[in-house]
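K.L.:
A single structure is presented below for examination.
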Amino acid sequence: MESESKELPELTNVDKWPKVVMRLAPFPSGPLHIGNARMAVLNDYYVKRYDGELILVFDDTIGSAEKQVETEAFDMIPEGLDYLGVKWHRTVYKSDRLNIFYKYAVDLLKKGEAYVCDCDAGLWRNEHKIKGKPCSCSILSVDENLSRWEMMLDGTYPERGAAVRLRTGMDNPDPAMRDHVILRISETEHPRVGTRYRVWPLLEYSWGIDDHELGISHIIRGKDLVKEGKIEQHIWCIYDWQQPELLYYGRLKFQDATLSKSKSRKEVLDGTYSGWDDPRTWSMQSLAKRGIDSQAIRKIMLDLGLSTVDISISMKALYSENRKLRDADAPRLFFVESPTWLKLSGVPAETTYAEAPVHPDFPDRGVRKIPLDVRDDTILVGIQTKDYDRFEEGLLFRLKDFANFKLLKGKSPVGQFHSHDVDDVRATKGPIIQWVPKKGSVGTEITMIDGSITTGFAEPSVSKLKPGTFFQFERWGFGCIVESGSPMKVAFAHK
RNA sequence: GCUCCGGUAGUGUAGUCCGGCCAGCAUGGGGGACUCUCGAUCCCCCGACCCGGGUUCAAAUCCCGGCCGGAGCACCA
């Protein structure tokens, strides 16, 4: 068992099952995003804890106009799970199981537990569901229902022309529980099975059958699915199946990010986002690209526990965890955003490079050399305009790990060499800032979290680092190299 | 409107079933030490039991009544 995070409560009735079997049921409309990670991590946690089995079930029923199956998701979701360290034992596609759902549909019709309703959906809602009055379809004979069922399958009924309703009771006090539709007609083409089927199950029905068929013992999911759970229980009761344990957690929102798969899908398709790994999608792919350690995500998700309250957390918590995990391994670098070029004069002629530690906490990792091209006692270096602007004329400041200079703002920005000793600048409480030499620095493009690009220059030693390297730009923030070269491309991680 | 769920510092969470150690932890904010970063590390501080009754020697915890918040009520998932 991984020693991650706090101890979550025990699962109930574990001993009543041969083993703990749980499932991940993402709808394949896009990659997993950070909100989906909670579902994946919680299920994975418990399966590992009880040495059980985890099944990845693509919930790829036909969906709707707003929720469409995205073919790429069949690959991107497993990729995201791998990143998260989620281990699953087998993969199942709902779209391969239509015959099972049909078999039970016929059986339910024969038992009188369901009926085929050809009422208009809107009319039924207003005249029957809200008022709690059954419609005339509900008193049909079994034979009539079966023949209507055939008409659904063979195309006699058009889309929305008829649907199968589960007889949960029109007198149920909960309006959500009144004779819900469990199968309906859709002629939308499915990316995996094409137009082979025109009758598709709804989530609650397919799971009512499949949770049993797949031997699921425990289900953990969002509380937006409690109604679906009740409908499942109704089905389990009809067949007298052992009831899986149901566990719900509340909605998770992020204060500093809006998560919407459908919006992301639109922006990715029309090119507003750079792809499914654009930081604005908050996909697992995008977080990996930024150098977020998946253990940080796991820790955050597990710390939330199984509370049913809706919560709103800040990404700062995630970043804090990531820093804890990765700071020690992140080499330090200088990066100057929109530089002001300073002409430094009086630089000792023998100066050829500056040395800065790779990591201040680990001197044994050595130093990075920053070459200095001194000509006629002068050299050109860049400092952040942001720094330059707030500095006053005559200020003694230090170029970190190099030397101290006195600032002379004039027609052109100039720095006059003062000394090498850090203590000189400490004595005057002067600022110590990062810098880059004009010669040899690498043009850098940083993709920020909002998708915008920040440009600047990174010190020459970055060219030795490989893509995928997680680093810290001193006084600036953490990031990950996406592409080396010029310009070098970097994904911003966090402060 | 109906059904269900829930309210602990700014945020998140532990404790609630089986009342009792100054309500713990993390994050955040503030301050200090250290470091040649605004990072890390170390120390200190700030800050909460929704409200009102009741039971009790003792209530975040049990009971009653309010108030507030959320989810569901699709031929979506």
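K.L.:
Of A:Ile433, A:Leu342, A:Val367, whose Cα points farthest to the positive end of the dipole of region A:293-449 (charges on the beta-carbon: +1 Lys, Arg; -1 Asp, Glu; origin at the Cα centre)?
P.N.:
A:Leu342
K.L.:
If the only charges are +1 at each Lys and Arg Cβ and -1 at each Asp and Glu Cβ, what is the size of the charge dipole of region A:304-454 around the Cα centre, to the nearest 20 debye? Don't skip to the end; give the middle numbers.
P.N.:
On the way: 21 positive and 22 negative charges, 39 e Å.
Result for region A:304-454 is approximately 180 debye, rounded to the nearest 20.
K.L.:
Let me spell out the model: positive unit charges on the Cβ of Lys and Arg, negative unit charges on the Cβ of Asp and Glu, origin at the Cα centre of chain A. What dipole size does that give, in debye rounded to 20?
P.N.:
Around 840 debye, computed over chain A.
K.L.:
A further question on this structure: Treat every Asp and Glu Cβ in region A:117-198 as -1 and every Lys and Arg Cβ as +1, leave all other atoms uncharged, and give the resulting dipole magnitude about the Cα centre to the nearest 20 debye. Walk me through the intermediate numbers first.
P.N.:
On the way: 13 positive and 13 negative charges, 58 e Å.
Roughly 280 debye, rounded to the nearest 20.
K.L.:
May I ask you to derive the relative contact order of chain A, considering only C-alpha pairs under 8 Å and at least 6 residues apart, and to give it as an integer percent? Walk me through the intermediate numbers first.
P.N.:
Numbers: 947 pairs, mean separation 58.7, N = 495.
It comes to 12 percent, rounded to a whole number.
K.L.:
Then there's this: Considering the options A:Thr12, A:Pro331, A:Ala354, tell which one lies farthest towards the positive end of the dipole of chain A, charges being +1 on Lys and Arg and -1 on Asp and Glu at the Cβ, about the Cα centre.
P.N.:
Positive-end residue among those listed: A:Ala354.
K.L.:
Grab every C-alpha pair in region A:98-201, bin the distances at 5 angstrom width from 0 up to the longest one, and report whole percents.
P.N.:
Bin by bin from 0 Å, the calculated values are 2, 13, 24, 24, 18, 11, 5, 2, 0.
K.L.:
What number comes out for accessible area per residue over region A:193-329 if the probe is 1.4 Å? Units Å², please. Display every interim value, and only then the final one.
P.N.:
Details: 5620 Å² over 137 residues.
On a per-residue basis, region A:193-329 sits at 41 Å².
K.L.:
List the equivalent ellipsoid semi-axes of region A:338-495 in whole Å, largest first, each obtained as the square root of 5λ for an eigenvalue λ of the Cα gyration tensor. All intermediate terms of the calculation are to be shown ahead of the outcome.
P.N.:
Details: eigenvalues 139, 62, 48 Å².
Values for region A:338-495, descending: 26, 18, 16 Å.
K.L.:
Quickly work out the A:Thr351-to-A:Asp96 label distance, labels modelled 7 Å from Cα along the C-beta direction, and quote it in nm with one decimal.
P.N.:
Here the answer is 6.7 nm between the modelled labels.
K.L.:
Just check region A:336-429 against the gyration tensor rule for me: Cα atoms, a ≥ b ≥ c as the square roots of the eigenvalues, rounded for a/c under 1.5, and otherwise prolate or oblate depending on whether a/b exceeds b/c. Numbers along the way, then the final one.
P.N.:
Values: a/c = 1.58, a/b = 1.38, b/c = 1.15.
Prolate, because a/c is 1.5 or more and a/b exceeds b/c.
K.L.:
Positive end of the dipole of region A:346-495, charges at C-beta (+1 Lys, Arg; -1 Asp, Glu), about the Cα centre: which of A:Thr378, A:Ser461, A:Gly477 has its Cα farthest in that direction?
P.N.:
A:Gly477
K.L.:
How compact and how long is chain A, expressed as Rg and Dmax of its alpha-carbon atoms in Å?
P.N.:
Answer for chain A, Rg first and Dmax second: 30.7, 102 Å.
K.L.:
Still on this structure: Suppose R0 equals 51 Å. What FRET efficiency, 1/(1 + (r/R0)^6) with r the Cβ-Cβ distance, do A:Val309 and A:Asp376 give to the nearest 0.05?
P.N.:
Values: r = 68 Å, r/R0 = 1.34.
Plugging the Cβ-Cβ distance into 1/(1 + (r/R0)^6) gives 0.15.
K.L.:
Right, next: Within 10 Å, count the other beta carbons around each residue, average over each peptide in A:253-261, A:379-387, and list them highest first. Walk me through the numbers on the way to the answer.
P.N.:
Numbers: A:253-261: 14.7, A:379-387: 19.2.
The densest-packed peptide leads the list: A:379-387, A:253-261.
K.L.:
Could you rank the peptides A:10-16, A:482-488, A:281-287 by their average count of other C-beta atoms within 10 Å per residue, with the highest value first? All intermediate terms of the calculation are to be shown ahead of the outcome.
P.N.:
Values: A:10-16: 11.9, A:482-488: 14.9, A:281-287: 26.3.
Order by mean packing, descending: A:281-287, A:482-488, A:10-16.
K.L.:
Determine the calculated [θ] at 222 nm for chain A from helices alone, applying -39500 (n - 2.57) to every DSSP H run no shorter than 4 residues and normalising by the residue count; nearest 500 deg cm²/dmol.
P.N.:
Numbers: 13 runs with 131 residues, N = 495.
Estimated from H runs of four or more residues: -8000 deg cm²/dmol.
K.L.:
Here is a further query. Heavy-atom accessible area per residue, region A:330-495, 1.4 Å probe: how many Å²?
P.N.:
Here the per-residue accessible area is 47 Å².
K.L.:
For A:Glu393 and A:Asp143 in the same chain, what is the full-extension length gain: residue separation times 0.36 nm, less their Cα-Cα distance, in nm?
P.N.:
Details: separation 250, 0.36 × 250 = 90.00 nm, distance 9.45 nm.
Between A:Glu393 and A:Asp143, full extension yields 80.6 nm more.
K.L.:
Would you please name the trypsin sites (Lys or Arg not before Pro) within region A:431-486 that are DSSP coil residues with at most 16 other C-beta atoms within 10 Å of their C-beta?
P.N.:
Details: sites: A:Lys438, A:Lys439, A:Lys464, A:Arg475; in loops: A:Lys438, A:Lys439, A:Arg475.
Taking region A:431-486 and a limit of 16 other Cβ atoms within 10 Å, the loop trypsin sites (Lys or Arg not before Pro) found are A:Lys438, A:Lys439, A:Arg475.
K.L.:
Using a 1.4 angstrom probe on the protein heavy atoms only, line up A:Ile139, A:Ile182, A:Ile313 by accessible area, largest first. Intermediate values should be presented prior to the final figure.
P.N.:
Details: A:Ile139 140, A:Ile182 0, A:Ile313 30 Å².
I get A:Ile139, A:Ile313, A:Ile182, largest accessible area first.
K.L.:
Tell me the per residue accessible area of region A:139-184 using a 1.4 Å probe; a whole number in Å² is fine. Could you put the intermediate results ahead of the total?
P.N.:
Details: 2280 Å² over 46 residues.
Each residue of region A:139-184 exposes 50 Å² on average to a 1.4 Å probe.
K.L.:
Using Cα pairs closer than 8 Å and at least 6 residues apart in sequence, work out the relative contact order for region A:330-495, in percent. It would help to have the intermediate numbers written out before the result.
P.N.:
On the way: 394 pairs, mean separation 41.7, N = 166.
The normalised contact order for region A:330-495 reaches 25 percent.
K.L.:
Next up: How many percent of the accessible area of chain A is carbon or sulfur, using a 1.4 Å probe?
P.N.:
Working: 11200 of 22160 Å².
Its accessible area is 51 percent carbon and sulfur atoms.
The values are calculated or read from the model by the stated rules, or taken from the named source; none is laboratory data. Remember, predicted model here, so these are calculated numbers, not experimental data. Positions of Cβ are generated from backbone atoms using ideal geometry, with glycine treated the same way; all protein chains shown enter the neighbour counts. Heavy atoms of the whole protein, side chains included, go into the accessibility calculation; ligands, DNA and RNA do not. Shrake-Rupley method; radii C 1.70, N 1.55, O 1.52, S 1.80 Å.
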